[in-house]
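J.: Following this message is one structure expressed as structure tokens.
The values are calculated or read from the model by the stated rules, or taken from the named source; none is laboratory data. Fair warning: this is a prediction, and the values are worked out from it, not measured in the lab. All Cβ positions, even for glycine, are placed from backbone atoms using ideal geometry, and neighbour counts span all protein chains on display. The accessibility values were calculated without ligands, DNA or RNA, using every heavy atom of the protein model including side chains. Shrake-Rupley method; radii C 1.70, N 1.55, O 1.52, S 1.80 Å.
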Amino acid sequence: MKTWYYIVMLVLISSCSSSKIVNEWKSPDAVNFEANKVLIIGMTQDTELRRHFESQLTTQLERKGVIAVRSVDFFEASFMEEKKTEDDLNEIENQLLDAGFDAILFSKVISSEDKVTLMQAIRDFDQSFDSFREDYYGAQDVFSRNNEYESYKLHHAETNLYCICPDKERELLWKGNIDVVESENRNKSIRNYVRVLIKQLDENQLLIVDL
């Protein structure tokens with residue numbers, strides 16, 4: 001039984017320390033899409049968080065040979081503060097085309113939830129009982145083990161890749177939903193998310209195209 005205990009603990013620890021892809025969709029028309037220049041947008045009011053995320057993603061894409069630009073460098077500081085109309089978006093798209101962009105990588109957190117793990121349940125998995133009486137007797141104080149609970153926040157994030165080619169209107173090429181466990185170190189959470197995102201783009205031959 002101890003072997004099972006360590007396997008379960010390993011799965012729990014790994015699932016709570018990284019990000020993972022939940023689902024993704026790729027346009028049938030998006031075959032080996034290699035952009036000339038991609039704009040990175042992290043949609044959040046937290047300027048520092050946005051800057052860190054866009055910097056991490058831009059750096060990793062550039063290491064793969066992709067020309068990437070942070071939105072914090074392209075737009076004015078007030079870009080996130082005002083809602084945009086359809087006309088505003090068309091104007092922004094024209095600005096991007098004039099600047100040589102042909103793709104946008106747009107990321108945002110769509111929801112968050114608090115998760116609770118009962119560690120004692122994992123430890124009890126190592127025990128065996130000969131009867132219901134022994135099992136029930138050993139578990140009857142489970143509700144008094146307040147200190148055995150561990151909580152963490154799980155963020156559900158989404159990244160969309162859009163083509164802003166002149167003959168197409170902000171066409172969606174790829175969408176990926178990634179779950180990331182919040183870490184006390186926000187930079188670690190960002191690195192985990194970017195790592196998974198880069199891996200998916202690479203596997204789908206989007207932006208990162210191996211010739």
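J.: What are the pairs, 6+ residues apart or on separate chains, where a residue within region 85-106 that is closer than 16 Å to Ile67 by Cβ has its Cβ under 6 Å from a residue that is among the β-branched types (Val, Ile, Thr) and modelled with pLDDT of 90 or more?
T.: Going by the 6 Å Cβ cut-off, the qualifying pairs are Ala103/Val38; Leu105/Val38; Leu105/Ile40.
J.: So the check is Cβ under 6 Å with 6+ separation or different chains; which pairs have a first residue in region 44-72 that's without any contact (Cβ under 8 Å) to a residue 60 or more places away in the chain and a second one that's open to solvent by 50 Å² or more (accessible area, probe 1.4 Å) and outside any helix (DSSP H, G or I)?
T.: Ile67/Lys37
J.: Out of the residues in region 19-28 that are within 14 Å of Thr159 (Cβ to Cβ) and out of contact with any Phe, Trp or Tyr (no Cβ under 8 Å at 6 or more places or on another chain), state the one that is most open to solvent (accessible area, probe 1.4 Å).
T.: Filtering first and then ranking leaves Lys20.
J.: Further, regarding this structure: Working only within region 200-211, note down all residues that are in contact with a strand residue (DSSP E or B) (Cβ under 8 Å, 6 or more places away or on another chain) and free of Cβ contacts under 8 Å to residues at least 40 places away in the same chain.
T.: Passing the criteria: none in range.
J.: Still on this model: Just to verify a result, which residue in region 163-211, among those that are of a type outside the set (Asp, Glu), open to solvent by 60 Å² or more (accessible area, probe 1.4 Å) and at pLDDT 85 or above, is farthest from Leu57 (Cα to Cα)?
T.: Lys175
J.: Only one residue in Val72, Val31 is open to solvent by less than 80 Å² (accessible area, probe 1.4 Å) and either more than 15 Å from Asn192 (Cα to Cα) or not in a loop (DSSP other than H, G, I, E, B) (or both). Which one?
T.: Val72
J.: Identify, please: which residue in region 34-69 is of a type in the set (A, V, I, L, M, F, W, C) and assigned to a loop (DSSP other than H, G, I, E, B) and is, among those, modelled with the lowest pLDDT?
T.: Only one residue tops the list, namely Ala35.
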